[in-house]
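The values are calculated or read from the model by the stated rules, or taken from the named source; none is laboratory data. Every value quoted in this text rests on a predicted model; they were computed, and no experiment measured them. Note that we place each Cβ from the backbone using ideal geometry, even for glycine, and neighbour counts take in every protein chain shown. Only protein heavy atoms, including side chains, enter the accessible area calculation; ligands, DNA and RNA are left aside. Shrake-Rupley method; radii C 1.70, N 1.55, O 1.52, S 1.80 Å.
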Amino acid sequence: MKIDIISVVPGLLESPFAHSIMKRAKDKGILEVNVYNLRDYTTYPRAQVDDYQFGGGAGMVMMIEPLVNAIESLQKNTSYDEVIFLTPDGETFNQKTANTLSLKNNLLLICGHYKGIDQRVRDHFITKEISIGDYVLSGGEIAAAVIVDSVGRLIPGVLNNETSALTDSFQDNLLSPPVYTRPEEFRGWKVPEILLSGNHVKIEQWREEQSLLRTKERRPDMLDEID
Ligand code: ADE
């Protein structure tokens with residue numbers, strides 16, 4: 001999968017994909033992530049990419065021309081399955097969307113800044129608008145990193161143990177059960193007996209119960225979605 005990202009602050013995206021699972025995915029050639037600086041696509045003096053909004057009001061707006069130059073230039077080499085704008089008024093991102101996006105070949109992510117981007121870019125180029133939650137970030141870069149990470153780890157071959165993504169919280173509309181590792185006892189706090197029993201049927205049963213309990217307590221809204 002290839003994910004291209006357009007940003008005015010490309011430096012913000014240098015580190016998130018340079019470590020751990022994302023690095024491994026890139027090293028294995030399963031995931032390619034390219035970050036493009038919007039300022040390389042403007043024809044305005046002093047690399048200007050934003051301007052005052054028509055109608056007045058506080059806050060700058062990202063101009064249409066640099067964005068369209070960047071999008072069309074990248075589209076010459078790549079046919080994108082989705083052109084995604086990261087914005088707090090987009091549809092809320094969740095595991096289902098991550099699953100869907102992980103099946104695509106090429107994605108283009110556009111990071112907004114300031115008051116947002118000229119609406120005409122949204123009307124004519126954007127195929128999907130995503131928010132990562134009901135709060136406002138200072139730009140779309142952190143949101144883009146969240147999406148690349150959550151989508152990237154779902155691509156087959158990225159995780160060592162393929163089943164580990166399948167047992168993640170949210171994959172079946174349930175939160176994950178508690179997990180433990182050595183030592184069996186620490187300051188008198190013991191690991192649940194059942195996990196040491198070697199009885200895999202019983203262990204699986206316990207984990208399912210714990211998942212359900214945790215979901216009931218913390219996210220009862222998720223249970224309404226199970227059909
Ligand atoms: N840009 C600013 N806030 C955002 C959010 N919550 N999700 C996606 N992009 C954003």
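One line per residue, one yes/no per condition, for (1) without any contact (Cβ under 8 Å) to a residue 60 or more places away in the chain; (2) closer than 28 Å to Leu67 by Cα; (3) of a type in the set (Gly, Ala, Ser):
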| residue | (1), (2), (3) |
| --- | --- |
| Cys111 | no, yes, no |
| Gly116 | yes, yes, yes |
| Ile132 | yes, yes, no |
| Gln171 | no, no, no |
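Any idea which of (1) surrounded by fewer than 13 Cβ atoms within 10 Å (Cβ to Cβ); (2) farther than 19 Å from Gly140 by Cα; (3) not hydroxyl-bearing (Ser, Thr, Tyr) is the one Gly11 doesn't satisfy?
Only one criterion in (1) surrounded by fewer than 13 Cβ atoms within 10 Å (Cβ to Cβ); (2) farther than 19 Å from Gly140 by Cα; (3) not hydroxyl-bearing (Ser, Thr, Tyr) is unmet by Gly11, namely (2).
Could you list all residues from segment 110-143 that are charged (D, E, K, R), more than 11 Å from the ligand (Cβ to nearest atom) and either at positive phi or under 17 Å from the mean Cα position of the chain (by Cα) (or both)?
Across segment 110-143, the qualifying residue is only Lys128.
Assess whether Ile147 counts as being open to solvent by less than 70 Å² (accessible area, probe 1.4 Å), away from the ligand (no atom under 16 Å from the Cβ) and not small (Gly, Ala, Ser).
In short, no.
Going by the conditions given, is Leu86 within 15 Å of the ligand (Cβ to nearest atom) and not basic (Lys, Arg)?
So Leu86 passes the test.
For the condition at pLDDT below 95, open to solvent by 80 Å² or more (accessible area, probe 1.4 Å) and not charged (D, E, K, R), what is the one hit in Phe170, Phe186?
Going through Phe170, Phe186 in turn, just one is at pLDDT below 95, open to solvent by 80 Å² or more (accessible area, probe 1.4 Å) and not charged (D, E, K, R): Phe170.
In this structure, is Pro220 without any contact (Cβ under 8 Å) to a residue 24 or more places away in the chain and not aromatic (Phe, Trp, Tyr)?
Working: without any contact (Cβ under 8 Å) to a residue 24 or more places away in the chain: yes; not aromatic (Phe, Trp, Tyr): yes.
Yes.
Output the residue which, of all residues in segment 76-94 that are open to solvent by 50 Å² or more (accessible area, probe 1.4 Å) and under 25 Å from Ile132 (Cβ atoms), is nearest to the chain's Cα centre (by Cα).
Asn94
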